[in-house]
1. Do we have residue 155 as under 21 Å from the mean Cα position of the chain (by Cα) and either at pLDDT below 80 or over 30 Å from residue 4 (Cβ atoms) (or both) here?
2. If we keep just the residues of the range 1-27 that are buried (at least 22 other Cβ atoms within 10 Å of the Cβ) and among the aliphatic types (A, V, I, L, M), which is nearest to residue 84 (Cα to Cα)?
3. Scan the range 92-117 for residues that are modelled with pLDDT of 75 or more and either surrounded by 16 or more Cβ atoms within 10 Å (Cβ to Cβ) or among the small types (Gly, Ala, Ser) (or both) and jot them down.
Amino acid sequence: MFDTPIALYFYGFLLGWSVAWPPGPINAEIARRCLARGFWAGYGLILGATTGDVLWALTVVLGVGVLLQGPAMRLVLGVLSISLLLVLAWTFLRGAWRSLRGEATAAPRFDSHRASYLLGLTLALTSPWNIAFWLAAIGRPELSGQGPLALLIVIAGVVSAVLLWGFVWSGVVLSLRATASGRSWDVAVKALTGMLMLYFATTSTLRLFAP
């Protein structure tokens with residue numbers, strides 16, 4: 001099935017695309033940052049998240065990922081991830097309330113390109129399901145006997161798909177940014193993003209503590 005590098009790459013690409021586009025906290029925050037500060041503020045988030053994904057992928061290739069899949073590590077990462085989502089939800093909902101009241105809400109450091117990268121990296125590294133994803137993606141029996149080079153090709157395919165999706169999604173959001181502005185738009189975007197982060201935190205909690 002994976003007898004050529006091209007087949008390995010496209011396996012990774014299709015896998016990466018399939019997990020990149022569904023709604024999630026990273027896509028929601030990319031949209032908010034693009035609307036607030038432009039393309040690179042949003043795309044920087046996907047660059048950071050992709051860096052975190054690559055780090056997790058390499059731990060799996062090196063065999064360390066199996067050790068990190070234990071219940072204790074999963075709980076620690078899950079709590080960190082949920083806490084971060086709750087902090088983001090509070091930040092955005094408070095920003096929406098302050099915008100509604102006409103207060104100054106500018107947060108240039110939090111929305112900067114560098115902050116976008118660091119937030120994306122943190123979201124990826126604190127997600128306990130990233131380890132499970134990479135174990136499932138490159139731990140298949142068909143791949144396990146092909147050596148580290150084959151696994152790196154799969155990783156390259158996944159990363160390429162995620163970066164392409166981030167480019168497409170950021171461009172789509174920017175097209176909305178060009179047609180909408182004003183305080184009501186700012187309030188709506190922040191409120192919606194805050195509620196989405198609360199939803200993702202709730203679903204993550206249910207998954208983490210499911211019997």
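1. no
2. Residue satisfying both the conditions and the ranking: 26.
3. 92, 93, 95, 96, 112, 113, 115, 116, 117
The values are calculated or read from the model by the stated rules, or taken from the named source; none is laboratory data. Source: prediction; values computed, not measured. Glycine gets a Cβ as well: all are built from the backbone with ideal geometry, and neighbour counts include every protein chain shown.
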